[in-house]
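Reviewing the structure listed below.
The values are calculated or read from the model by the stated rules, or taken from the named source; none is laboratory data. Computed from a prediction, not measured in an experiment: that's the story for all the values here. Note that each Cβ is placed from the backbone with ideal geometry, even for glycine, and that neighbours are counted across all protein chains shown.
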Amino acid sequence: MFCVKCGKSLPGQYNLCHDCTLEPRDGTRHCPSCGAENPKAVQRCAACGTRMPKQKQLRRAPTVQARRRKKAAMLAFFLGVFGVQDRYLGFHKRGNRRMIQFILSVAAMIVLLIALRVDFSNAIVNGGQWNTAYADSHAVLWFLLAGLFAAGLISALWVWITSLIHGVQLLVRKGQVDAEGNLLE
Ligand SMILES: [Zn+2]
Ligand SMILES: [Zn+2]
């Protein structure tokens, strides 16, 4: 939708921006549907035929400070794995989900790495000699631990890459809204 007075783009449900005031005799010039400016107050938009809203049909956008896309994108790029950009935009659950997945993945990787190292060093006896029997009986375990480590790595990378993609989307895509439905600046 567009502000019927100044034509500024607004999120879905609003047709008057919070910077504009509209007296009945000001008339509504900009079409809320297509944004086209009509030469004078009209019943219907000359460009698309949409009926212009009456005074009581005006819905003013809330007077909140619009959150900024660029700032959200920078947060996504540098702190995205902790969901900081989501929380900035008011999407707390999504931000927490991102952060928890990342922290759990990294923690699992560290634990698995320590377990691997400890058990691996058990296979080396008497200053550098390789204990073949021990190694043979633990090979499956090592494979398992290495596999789980890889899964943790993929999970952590997934959070990181999706955060970067989110950052790029924030930079290039217009018309995005925050959790309260306010258009990002
Ligand atoms: Zn306006
Ligand atoms: Zn129109």
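Worth pointing out:
- Wholly within segment 68-185, helices (runs of 4 or more DSSP H) carrying at least 3 residues that are surrounded by fewer than 14 Cβ atoms within 10 Å (Cβ to Cβ): 92-122, 132-172
- Residues satisfying the stated conditions in segment 15-37, i.e. out of contact with any Ser or Thr (no Cβ under 6 Å at 6 or more places or on another chain) and more than 16 Å from ligand 2 (Cβ to nearest atom): Cys17, Asp19, Cys20, Thr21, Leu22, Glu23, Pro24, Arg25, Asp26
Yes or no, residue by residue, for (1) touching a Leu at 6+ places or on another chain (Cβ under 8 Å); (2) of a type in the set (A, V, I, L, M):
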| residue | (1), (2) |
| --- | --- |
| Ser121 | no, no |
| Ile124 | no, yes |
| His138 | no, no |
| Leu148 | yes, yes |
| Val159 | no, yes |
| Ile165 | no, yes |
| Ala179 | yes, yes |
| Asn182 | no, no |
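- Residue list for segment 1-27, restricted to those being more than 8 Å from ligand 1 (Cβ to nearest atom), assigned to a loop (DSSP other than H, G, I, E, B) and more than 30 Å from the chain's Cα centre (by Cα): Thr21, Leu22, Glu23, Gly27
- Of the residues contained in segment 55-68, none is found to be touching a Pro at 6+ places or on another chain (Cβ under 8 Å), within 9 Å of ligand 2 (Cβ to nearest atom) and touching a residue at least 12 places away in the same chain (Cβ under 8 Å).
- Residues in segment 38-61 that are over 14 Å from Met1 (Cα atoms), at pLDDT below 85 and either within 16 Å of ligand 1 (Cβ to nearest atom) or not in a loop (DSSP other than H, G, I, E, B) (or both): Ala41, Gln55, Lys56.
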